[in-house]
Every structure is written in C-alpha cells, then in structure tokens.
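Have a look at the structure below before the remarks.
What follows draws every value from the coordinates through simple rules; no lab data is involved. The model shown is predicted, which means the values in this text are computed figures rather than measured ones. Cβ placement follows ideal geometry from the backbone for every residue including glycine, while neighbour counts extend to all protein chains displayed.
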Amino acid sequence: MPEVGTEQPGAVEPGERTVMTQAPGRADARRNRARITEAALAVFRQRGMTAEIREIAERAGLGVGTIYRNFSSKDELITEIVRDKLVATLAEIRRLEALDDPLQALQLVLTEELSLVDYLGGLSEALSAPTPRNLVRNLDEWEEFRRAEPFEVLIKRAVEQGALRADLDIATAAAMLAGLVLNRNWRPLLTARKPNELARSAFDTFLRGVANPTKAS
C-alpha cells in the first residue's frame with residue numbers, strides 16, 4: 001500500500017479534476033455564444049433591428065432557449081455586437097492617428113468609420129436610432145467614437161504642414177467629417193461601392209473646399 005502523502009503517478013488533485021470536467025462545457029458555451037453572435041450579425045445585417053430571436057436561432061442551428069441563456073434580451077445581443085466592432089474600430093483609428101501624412105490618415109479614418117457602417121449593415125441603425133431605441137448611447141466606446149477629436153487632431157496637423165488652408169475652421173471641419181457616418185444616406189451607397197471607394201470620393205469632395213490652393217497640383 002502506498003505511504004500516506006506519497007504522490008501517485010497520474011494522480012489528479014480535486015481542483016484539477018474540476019477544471020478537467022468543466023472545461024468541455026465552457027468550450028461548448030463559448031462556441032455557442034460565437035455561433036449566436038455570428039448568426040445574429042448576419043440576420044441583423046439583412047433585417048435590421050426588427051429581426052426576431054427565432055430567426056437568429058434558426059440561422060445558428062440552436063434553440064431559442066440557448067439564445068436567452070447567453071443573452072437576456074435582443075437588445076443585449078445587439079449591444080454586444082456593436083460594442084465589439086466599436087472596440088476594434090477605435091483601436092484602428094488610434095493607430096491611424098499616428099501616421100506621418102495627416103491627409104492620408106484622415107481618409108483612412110473615414111474609411112474605417114464607413115467600414116463600421118458597412119459591417120453592421122441594417123444593424124447600423126442602432127447608431128442613429130432615436131432615444132430610447134439607440135441602444136449604444138450609454139456605451140463609453142460609442143461616446144469616444146462620436147467625438148471629432150481624431151479628425152480635429154489630424155486636420156490641425158494638416159493645416160500646420162500647409163496641406164490645408166490656414167484660415168480653415170478646424171473644429172467645424174472636424175465636426176463635418178465626424179458626423180458623416182451617422183447619416184443614414186450612406187447605407188444605400190455602400191451597397192454599390194466599397195467603404196474605401198466611398199471614403200475617397202467623400203474626402204476628395206471635402207478637400208475641394210479646404211485644400212490649400214498654393215499646394216494644389
């Protein structure tokens with residue numbers, strides 16, 4: 001008989017046994033949650049915020065009860081999808097702010113914001129829906145996204161470098177660019193054009209009014 005206190009080969013501590021038996025369940029739960037958000041995005045993109053949980057469950061190949069075990073309501077599901085994309089978009093915008101060429105950075109930031117609208121499709125109405133249907137209005141990420149600060153910083157740099165007019169009202173120009181993606185009229189345009197193409201067209205139009213004439217080619 002082994003001595004008391006002697007560690008046996010292959011022995012599993014109680015805590016370790018719990019982890020081993022619970023891990024598959026957690027993995028299944030993560031997979032189900034991922035299936036739900038993927039299916040929900042596809043359905044919401046096509047149907048908008050009026051899509052029903054039943055449609056999402058069918059698309060995911062899961063029961064309605066599984067949806068509600070992961071998300072207490074459709075609003076919570078919408079909010080998570082939008083928040084996750086906002087987090088990724090904001091991270092990319094911060095990276096773009098560090099580019100040396102402020103005009104290139106401005107166009108790329110605009111492209112990134114239009115890509116958000118394109119990604120969400122019909123769900124992008126969550127960004128502009130009036131209270132109380134604006135489900136993202138209390139998100140910190142949404143408040144950061146709405147701010148014109150990245151545009152203002154980049155426009156100021158462009159003015160200082162002589163690429164934009166010295167008499168440009170920086171705050172007004174930044175607000176104009178920052179507010180573009182909140183306009184619902186972009187969605188129909190995105191059905192026929194890619195975000196980078198649309199951003200280039202919009203930015204070229206913007207530059208016609210604010211470019212430094214002495215720098216024009």
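Residue 75 to residue 27: extension gain in nm, 0.36 nm per residue of separation minus the Cα-Cα distance?
14.8 nm
Would you mind working out the magnitude of the charge dipole of region 74-212 relative to its Cα centre, with +1 at each Lys and Arg C-beta and -1 at each Asp and Glu C-beta, to the nearest 20 Debye?
440 debye
Restricting things to alpha carbons, find the Rg to Rh ratio for region 118-198 using the Kirkwood radius for Rh.
Expressed as Rg/Rh, it is 1.04.
Could you line up 100, 204 from fewest to most neighbouring Cβ atoms inside 10 Å?
100, 204
What is the extension gain from residue 153 to residue 175, computed as 0.36 nm multiplied by their sequence separation minus the C-alpha to C-alpha distance, in nm to one decimal?
6.7 nm
Give me the extension gain from residue 54 to residue 38: residue separation times 0.36 nm, minus the current Cα-Cα distance, reported in nm with one decimal.
4.3 nm
Restricting to Cα pairs below 8 Å that are 6+ residues apart, what does the relative contact order work out to for region 74-217? Please round to a whole percent.
30 percent
Across all directions of projection, what mean area in square nanometres is found for the Cα convex hull of region 74-212?
For the Cα atoms of region 74-212, the hull's average projected area reads 8.1 nm².
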